Amino acid sequence: MNFSEVFKLSSLLCKFSPDGKYLASCVQYRLIVRDVNNLQILQLYTCLDQIQYIEWSSDSLFILCAMYKRGIVQVWSLEQPDWHCKIDEGSAGLVASCWSPDGRHILNTTEFYLRITVWSLCTKSVSYIKYPKACQHGIAFTKDGRYMALAERRDCKDFISLFVCSDWQLLRHFDTETQDLSGIEWAPNGCVLAVWDTCLEYKILLYSLDGRLLSTYSAYEWSLGIKSVAWSPSSQFLAIGSYDEKVRILNHVTWKKITELEHPATIANPKIIVYKEMEKSPRVETESLVFPPARAQASSLFSTQSKYDISQVPVSLQYVKPVADRANPRIGIGMLAFSPDNCFLATKNDNIPNAIWIWDVQKLKLFVVLEQLYAVQLFQWDPRQPRLAICTGNSNVYLWSPAGCVSVQVPMEGDFQVLSLCWHSSGDSMALMSKDNFCMCYLEREEVK
């Protein structure tokens, strides 16, 4: 594993282009585009204010920079650096901005979710979509980019509108049997739309492309419900993480539950491998110490190295009791993701913040548990093979694959705390991000057996 030098960064804004050729990063109001191969700066763009969000167009030719405070979006072209576009929402304000799948339209959501404005870069035309729902996952595009689903709220009821992305014509409009819709997500094959209700009620509804209700699933009542949802890449499974610390998996044939994955604080099954992160200080020969110590020697005196040990079962994981009288309690399944080959599911139970659970999808059984020293900030699968990258807000990056587990310290001057990471589409490298910097991490490709 090799690392690049460190580059400046603001607000963890660092993204690879979809074609994998470029890396965009932000430093306050500047947007910097680098060549992925040598990290040389190709373009440097200056925006009107501090950038709060960036997104590449699907063809990697344009990049959108949103400045929500000013209600402005600026678009830059890689092919024609002199060309630029400025979209000002004015007094309507701006809370969200994204590309349409064709990379030639921008969808801006105005303040208070009054409307969505669709701006065309080609014709400069503007379309409006009224009544978008004020929720985090209210817009969803099919993977092939043909259709858009939009959650709406009107007359105190929830609705879904399906649009054709090529001309923004309304295809279907139907109401949903939800109290207060919380999110929507298409299956990867674009045939089924999952719609889930507020966290106050466990309810998930599955709709076909023509608006028919295929199935409704509710695991229990009168308790906090769904917290996270993930489709498997094959669209065969829908994993639902909930506040009762369980993941339920539905199948795509009957939409019935096929299994329930529990996350207990004690692992007793001897067939499960538990990797525990251990920290040790390097041994220093006291005879060779000089005062004041040399810089290299001083840093080694106070540095610690981390590695994984295999724990003997039963293992008791560190359990955090949630504060009952606060909103959004840290309880239940906050993160879950399938591996790209459909073989594994990684989950995190927010009550046990230092652990990651990796499940064998074919056997629907727990395979491995990783117990970290610090709370898991983020995990992300390699897009090409079953390899999971993890960061916990310290100076290490962690990798798991079926072959084993490794902890690697980022070799940087000063304190480089890895708060976020993102994989390159090739799976050969990833960008590691700290509060004010980022660096590239290069990996050797493992042979997939």
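The values are calculated or read from the model by the stated rules, or taken from the named source; none is laboratory data. Since the model is a prediction, treat every value here as computed from it, not as a measurement. A quick note on method: Cβ atoms are made from the backbone with ideal geometry, for glycine too, and the neighbour counts reach across all protein chains shown. The accessibility values were calculated without ligands, DNA or RNA, using every heavy atom of the protein model including side chains. Shrake-Rupley method; radii C 1.70, N 1.55, O 1.52, S 1.80 Å.
Computed quantities for the displayed model
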quantity	calculated
The range 168-262 - percent of accessible surface contributed by carbon and sulfur, probe 1.4 Å	48 percent
Length added when fully stretched, Leu419-Cys98, from 0.36 nm per residue minus Cα-Cα	113.2 nm
Gain on full stretching of the segment that runs from Leu200 to Glu177 - 0.36 nm per residue minus C-alpha separation	6.8 nm
Total formal charge among the other residues, if their Cβ is under 14 angstrom from that of Leu31, Lys/Arg +1 and Asp/Glu -1	+3
Solvent-accessible ranking of Cys391, Cys85, largest area first, probe 1.4 Å	Cys85, Cys391
Probe 1.4 Å, accessible area per residue of the range 138-262, Å²	44 Å²
Unit charges on C-beta of K, R, D, E only; dipole of the chain, Debye	360 debye
Label-to-label distance, nm, for residues given as Lys435 and Leu44 (7 Å Cα→Cβ offset)	2.6 nm
FRET efficiency, 1/(1 + (r/R0)^6) with R0 35 Å, evaluated for Lys256 and Glu444 via beta carbons	0.25
Cβ-Cβ FRET estimate between Arg212 and Ser281, R0 fixed at 56 Å, reported to 0.05	0.35
Cβ-defined net charge surrounding Phe438, 11 Å radius [Lys, Arg +1; Asp, Glu -1]	+2
Pairwise FRET efficiency - Asp428 versus Gln312, Cβ, R0 = 35 Å, nearest 0.05	0.45
Estimated 222 nm signal from helices in the chain, with DSSP H stretches of n ≥ 4 weighted -39500 (n - 2.57), rounded to 500	-500 deg cm²/dmol
Formal net charge of residues neighbouring Val164 (Cβ-Cβ distance under 11 Å; K, R +1; D, E -1)	+1
Dipole of the chain [Lys/Arg +1, Asp/Glu -1 at C-beta], most positive-end residue of Val418, Tyr22, Leu162	Leu162
Cleavage-rule hits (chymotrypsin sites (Phe, Trp or Tyr not before Pro)) in the range 43-113: DSSP loop, at most 14 neighbouring Cβ within 10 angstrom	Trp83
When the convex hull of its Cα atoms is projected in every direction, mean area for the range 138-262 (nm²)	7.3 nm²
Full-stretch length increase - Lys86, Lys8 - with 0.36 nm per residue and alpha-carbon distance subtracted	25.5 nm
